[in-house]
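Notes follow the structure.
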Amino acid sequence: MQEILSKKEIGERIKELRVNSGLSQAFIANILSLSRSNYSQIELGNQYPSFNTLHEIARYYSKTYDWLLHGDSAEQTPEAPAKISLILSDLENAFKSFTNSLKKLEHELNHIRAKKYKSKLH
């Protein structure tokens, strides 16, 4: 029975990333907090990478899980930059809203302090 996810193909893709980057197995294994032999077993296709290892590899090489697991040629879909732009815009708006809330809170606190100060004078 054929495996849905081929350990060998995943290992080959991961090895290709490393070799194309001119890095050693020991270097990448260290980044992933794995032994070199454990990492080697992943590249050879003798073992699947754990979710954490897969996540770290994807992050390190700026690849998608889809590409690592399936080799989909659409690593970065055309909508990816638009999604990133939308996320950044949302974060910017949230930051502005947070900043405005802090300013309102500061204004209210100053108002309370002023009332307290006036009541002490009388």
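General remarks:
Quick grid of which residues meet (1) loosely packed, with under 12 Cβ neighbours inside 10 Å; (2) over 15 Å from residue 17 (Cβ atoms); (3) at pLDDT 90 or above:
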{"position": "32", "(1), (2), (3)": "no, no, yes"}
{"position": "53", "(1), (2), (3)": "no, no, yes"}
{"position": "63", "(1), (2), (3)": "no, no, yes"}
{"position": "66", "(1), (2), (3)": "no, no, no"}
{"position": "69", "(1), (2), (3)": "no, no, no"}
{"position": "74", "(1), (2), (3)": "yes, yes, no"}
{"position": "77", "(1), (2), (3)": "no, yes, no"}
{"position": "83", "(1), (2), (3)": "yes, yes, no"}
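- All told, residue 33 falls short of being among the polar types (S, T, N, Q) and not in a loop (DSSP other than H, G, I, E, B).
- Filtered residues of the range 35-76 (kept if under 12 Å from the mean Cα position of the chain (by Cα) and hydrophobic (A, V, I, L, M, F, W, C)): 54, 57, 58
The values are calculated or read from the model by the stated rules, or taken from the named source; none is laboratory data. Remember, it's a predicted structure, so these values are computed and weren't measured experimentally. Glycine gets a Cβ as well: all are built from the backbone with ideal geometry, and neighbour counts include every protein chain shown.
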